[in-house]
Amino acid sequence: MSLLQIRGLQKSFGGVKAVDGIDFDVAAGELLALIGPNGAGKSTTFNMVNGQLRASGGSVKLDGRELVGLKPREIWKMGVGRTFQIAETFASLTVVENVQMALISSHGKLYSLWSRAAGAYRNEALELLDQVGMKADADRPCSALAYGDVKRVELAIALANDPKLLLMDEPTAGMAPKERNDLMALTKRLVVERKLAVLFTEHSMDVVFAYADRMIVLARGRLIAAGSGEEIRNHPKVQEVYFGTGKTFEKPVAQEEVAA
Amino acid sequence: MIHREPPPTLLTVEGLNAWYGAAHILFDVGFEVKRGEVVALMGRNGAGKSTTFKTLMGLLERRKGTVKLMGQDISGRSPSQIARMGLGFVPEDRRIFTDLTIAENLEVGRQAARRWPDDSPAPEWTPQKLYDLFPNLKEMGPDRLGGRMSGGEQQMLTVSRTLMGNPYLVLLDEPSEGVAPVIVEQMAHMILALKSQGVSILLSEQNVHFAELVSDRAYVLEKGQIRFSGTMAELAANEEVRRSYLTV
Amino acid sequence: MSSFLVQLLNGLAGASSLFLVAAGLSLIFGVTRIVNFAHGSLYMLGVYIAYSMSERLAGGVGFWFSLVFSALAVGFIGALIEMVLLRRIYKAPELFQLLATFALVLVIKDGVLWIWGAEDLLGRRAPGLEGSVEILGRNFPTYDLFLIVIGPVVLALVWLLLTRTRWGTLVRAATQDREMLSALGVHQSWLITGVFALGAMLAGLGGALQLPREPANLGMDMLSIGDAFVVVVVGGMGSIPGAFVAALIIAEIKAICIWLGDVNFGPFSISFSKLTLVVEFLVMAVVLVVRPWGLFGRPQGTPRHSGAPEAPLRPAGKSLRWFAVALVAGMAVLPLLQGQFPYALVLSVDLLIAALFAASLHFIMGPGGMHSFGHAAYFGLGAYGAALLMKAAGLPMEAALILAPVVAGLGAVVFGWFSVRLSGVYLAMLTLAFGQIAWSIAFQWDDFTGGSNGLIGIWPSGWANNRTAYFYLTLVLVVVGLFALRRMLFSPFGYAMRAGRDSVLRADAIGIDVKRIQWLAFVIAGVFAGAAGALFVYSKGSISPEVLSVTKSVDGLVMVLLGGVQTLAGPIVGAVTFTWLQDTVARSTDYWRALLGGIILFLVLVFPQGLAGFIHDLVVKLKPNREAAR
């Protein structure tokens, strides 16, 4: 059975169907890309899985347990981590404190009023930062980091709870090409090592084709295609609504294939 | 467009420095844009492209250097004065007035028609012309609220809104960032269409392929300094620059 | 029945002035994102200017001209305020702007006192509309009928201006993104000055129109700003039609309360007429809980200028620790100097209590990110709690000092539960409403709280009933309190609080129940404010509803902002500075408010990060230089 099962998921905003009955699965150890034009319902789908939005219908099951109706923090406790399109970290905390915060929460120590937070789970937090290559910056304010680094810190935060499923909303948006590759290679490694399932949205086609095991395409709230990179690239409907002629990205893809 | 003499320079930037708070972002940046040209300012995220645009527009308080628009110094002026002198700005994050309708968004950008120094009329835009250029906008009707449009449609509206000011030169910040490939392609078509109507454009871009589709020349920015300038063909040939500073 | 209908008409007449003031406030907020505390003062100016003009100009034309002139004059004053003061602080944090406008309240109040004196001034009646018409067998003033018409007329005019003119389109664009507007070639500073002038003009007109109905007096500023806040919040910040509907609702509910008078429900008797003081705040509380953004409002985005991100917390360095120890030690020897400075101990007790009060407010305002405008409620609950535990329950001081903070904490449990559901300005207004409700209960419940007279004869137990002993008691308790608050900020809970403030999304995505954290923070702040209140009541021996008033809440805000929200020492520095200033200034001049306001304005313009923040920045700036020199 797949780790995440989505069946007939829908969401309407004041009569407008943003997501109109979609089904898909994500298996453990799989990187699944969710792509589609702006306004296709990608973020809405994402936010329903995460609990930030309540689905109008359908079901989202993690390991057979229903997630619809649960709050984000409850879904997190069941092993779903997430990163945001515009990275969300705690700006007034240091890098390591950001990760410690997630660890404090996962150990149920949020309401401790008298102990000192600075030392709590610091070593574990440093270990996680080491995994994403941010250990050297541990004691810098999170607000002072470059954007790509903030995204890596966010990943470390999301991993603090040892999640089964990771949701990443445009993980490489606003990053330099080398950073993109580093981050996605890191994610890929985590998927393999931890048998993690990852669902991500992305506009950068080079990233999608290079790293996704499988992809699904959303347009106007419906799933119009699903399959491997090759199948999606040659899918006429996807070309029409999403890729266009491919002029603006074809070359890098071709080059990568040559390189690979 | 055919010019017997070399086209006159629209924008000249020399020794431009800018700061965000205490952080020094731009270091002695210099470049120029000639009339009728589409020039790409390239570089990765954080290289200083958006900062350059904001500095040109007068949106950063701490800045130094000379910026001349058709020979007139605009470096010390306020954003509204600079816009009134004929520099148009399309921001990266679109910044549509979501509570205003399409027609009202265009109205906000409206300025009087301009003439070139040789007294020939500069490109002049009306809502009608813009609706013809962007049929999507026309389809939605003038009373659609800006907030009820998709990202790609907003991108067209924000360009149209700036064109309503009849600028001599448009600064187009990251037109291809964060939109679907199919929209990116539309953006490329749009830029070429504008160019054919005599609009000069300075665009910031990370995506080499997009820039190659639309621009005549490029400057490459890295850590707040210009590291390369040349034609698109020269850039395509320069493996070193492409590998070190750009999205390939 | 006819009396009821006429009372409803009365309500309509009252609604017009209320709407004019609120519409101006809403308009200004919409564009500048500044909650203009001084708007009530502009209203008051409108009344006074109309009075002076109509006294000088005789005849019908003169009177009506005076009203128009007054509105225009106030509009001009508004433009002046915007250009000279507000323009300089648009990029300052929201709360600083509030502080600046509050300082204006003080300055304008004393300006009016200086020009017109403290006596109430009764204006003329409107020529041509002196009489009354008979409605349903009752006499109804003609002027009130005129007022009923004015409200909708102004609403229609403002609406046309905003939706049918280019200026209006630009104003609406400015409410969303002023920077973009300027990059499109719109000279936005003049636009904003224009909006401010228009808003001020509406306030001035609202005031001038009120002249034939009530005498001009110095209390009009705070009363009308309270009403206007409520109307704007109930209607939805920035919505002019919302302000109109809310003004109608509130004016009518007040009118109905007056009409109901005292009603007996079986053995209970409820005095509805007394409820008028608080009913609008009840309405606001209900509306905010049901529709958190007001009737016609929309959720607010995060403000664009929220200031620089706060630096991470660092434990106190050695020098700071030694400084704190030295400070406490220095205070501990104060009683020895009583001979030279007899007043020093009294003032020090006040300073200490203020520091604890301000620190408790800072706890939720700074790290918690919740801007409470009604923190005096918990100070007052603590103070009244202690007084009543002693007077009514006969407990000794020691027990009362322990239990009073619990009473305040219980109050915070209830108020906090509602408040944490909101954020930003709305949270501020709801806390203000709760503060006002607490005040009006203390003010009106004569049998229990002593009403406006308050309670007297609340002295410490024998051992502490002398200056020195009580000073030491206060010193110990305040130092312990400040230490505890600080310690909690360094605990996982304190971190979670700041995490929730920095990013609700991220906090929620890692299992933090932000509302629960905020609620607990609210209660903790309430407990410590209550402790400050309890200490206060025993230091004075008496108590009156003053300790629960808006002014007291604002004092707390001023202390925190003066010191700097982003520094932990800020509230203490601010409390000491403010209390000392207030004490010194008040003893040296009749116009202490204006002087205080002037000082606040000066500080806001010169130290936008607060005093402690300024010192901190200075230290940081000097440090690298020192390193470089090596």
**Prompt:** How big a patch of accessible area, both sides summed and in Å² to the nearest 100, lies buried between B and A at a 1.4 Å probe?
**Reply:** 1700 Å²
**Per-bin percent of Cα-Cα distances, segment C:476-630 [5 Å]** = 2, 8, 11, 16, 17, 16, 13, 8, 5, 2, 1, 0
**Request:** Give the accessible surface of the protein assembly as shown per residue, rounded to a whole number of Å², with probe radius 1.4 Å and ligands, DNA and RNA excluded.
**Result:** 40 Å²
**Prompt:** For C:M83 and A:Q85, FRET efficiency with R0 = 35 Å and r from the beta-carbon atoms, rounded to 0.05?
**Reply:** 0.30
**Item:** For chain A, share of DSSP beta bridges that run antiparallel, in % to the nearest 5
**Value:** 55 percent
**Message:** Run the simple label-point estimate for C:V325 and B:D132 please: 7 Å along Cα→C-beta, distance reported in nm.
**Reply:** 8.3 nm
**Item:** R0 of 35 Å, Cβ-Cβ distance C:F483-C:A586: FRET efficiency to nearest 0.05
**Value:** 0.70
**Item:** Neighbourhood net charge (14 Å Cβ-Cβ; Lys/Arg +1, Asp/Glu -1) for B:A113
**Value:** +3
**Item:** Mean residue ellipticity (222 nm) of chain B, computed from DSSP H runs ≥ 4 via -39,500 (n - 2.57), nearest 500
**Value:** -9500 deg cm²/dmol
**Request:** Quick one: check the C-alpha center-to-center distance for segment B:32-106 versus segment A:1-70, whole angstrom.
**Result:** 40 Å
**Asked** So how far apart, in nm, are the two label points at A:A27 and C:A469 if each is 7 Å from Cα heading toward Cβ?
**Response** 8.1 nm
**Cα→Cβ-extended label distance, 7 Å offset, between C:T276 and C:V68, nm** = 3.3 nm
**Asked** For chain B, which whole-number percentage of the solvent-accessible area (1.4 Å probe, protein heavy atoms only) is attributable to carbon and sulfur atoms?
**Response** 47 percent
**Complete:** Phi-derived 3J(HN,Hα) across segment C:496-504 with the Karplus relation (6.51, -1.76, 1.60, θ = phi - 60°), rounded Hz, x for Gly and Pro, is 4, 5, 5, 4, x, 6, 5, 7, 5
**Computed [θ] at 222 nm, deg cm²/dmol, chain C (DSSP H ≥ 4; -39,500 (n - 2.57); rounded to nearest 500)** = -24500 deg cm²/dmol
**Shielding by other protein chains, A:103-112, mean Cβ within 10 Å** = 6
**Restraint check, A:K178/B:K223; A:K11/A:K61; A:K42/B:K54; A:K178/B:K34; B:K34/B:K54, Cα-Cα greater than 22 Å** = A:K42/B:K54; A:K178/B:K34
**Prompt:** Which Cα, out of B:S75, C:Y538, B:L56, lies furthest along the positive dipole direction of the protein assembly as shown (beta carbon charges, K/R +1, D/E -1)?
**Reply:** C:Y538
**Request:** Would you work out what percent of the accessible area of segment A:64-218, with all protein chains in place, is carbon or sulfur (probe 1.4 Å)?
**Result:** 50 percent
**Fill in**
Between chains C and A, the summed loss of accessible surface on complex formation, probed at 1.4 Å and reported to the nearest 100 square angstrom, is 3200 Å²
**Message:** Give the aspartates and glutamates whose C-alpha is closer than 17 Å to that of B:K138, dropping any in the same chain fewer than 8 places away, or say none.
**Reply:** B:E104, B:E107, B:E153
**Request:** With unit charges on the beta carbon (Lys/Arg positive, Asp/Glu negative), name the residue among B:G146, C:A496, C:G236 whose Cα is farthest towards the positive pole of the charge dipole of the protein assembly as shown.
**Result:** C:A496
**Item:** Charged-residue dipole, Cβ positions (Lys, Arg, Asp, Glu), segment A:148-187 about Cα centre, Debye nearest 20
**Value:** 100 debye
**At most 16 other Cβ within 10 Å, DSSP loop - trypsin sites (Lys or Arg not before Pro), segment B:3-69** = B:R4
**Request:** Treating the Cα atoms of the protein assembly as shown as identical point scatterers in vacuum, please give the log10 of the normalised Debye intensity I(q)/I(0) at q = 0.05, 0.07 Å⁻¹, two decimals.
**Result:** -0.38, -0.76
**Fill in**
With a Förster distance of 35 angstrom and the Cβ-Cβ distance between B:N238 and A:D213, calculated FRET efficiency to the nearest 0.05 equals 0.45
**Fill in**
In segment B:122-186, the GluC sites (Glu not before Pro) that sit in a DSSP loop and have at most 16 other Cβ atoms within 10 Å of their own Cβ are B:E124
**Request:** For segment B:36-54, list whatever residues lose no less than 10 Å² of accessible surface once every protein chain is in place, relative to that chain by itself, with the probe at 1.4 Å.
**Result:** B:R44, B:N45
**Request:** Determine which lysines satisfy two conditions relative to A:K109: a Cα distance under 25 Å, and not lying fewer than 8 residues away in the same chain.
**Result:** A:K71, A:K77, A:K135, A:K164, C:K515
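The values are calculated or read from the model by the stated rules, or taken from the named source; none is laboratory data. All of these numbers come straight from a predicted model, not from anything done at the bench. Heads up, the Cβs are rebuilt from the backbone with ideal geometry, glycines too, and the neighbour counts pull from every protein chain shown. Just so you know, the surface numbers come from the protein's heavy atoms only, side chains and all, with ligands and any DNA or RNA stripped out. Shrake-Rupley method; radii C 1.70, N 1.55, O 1.52, S 1.80 Å.
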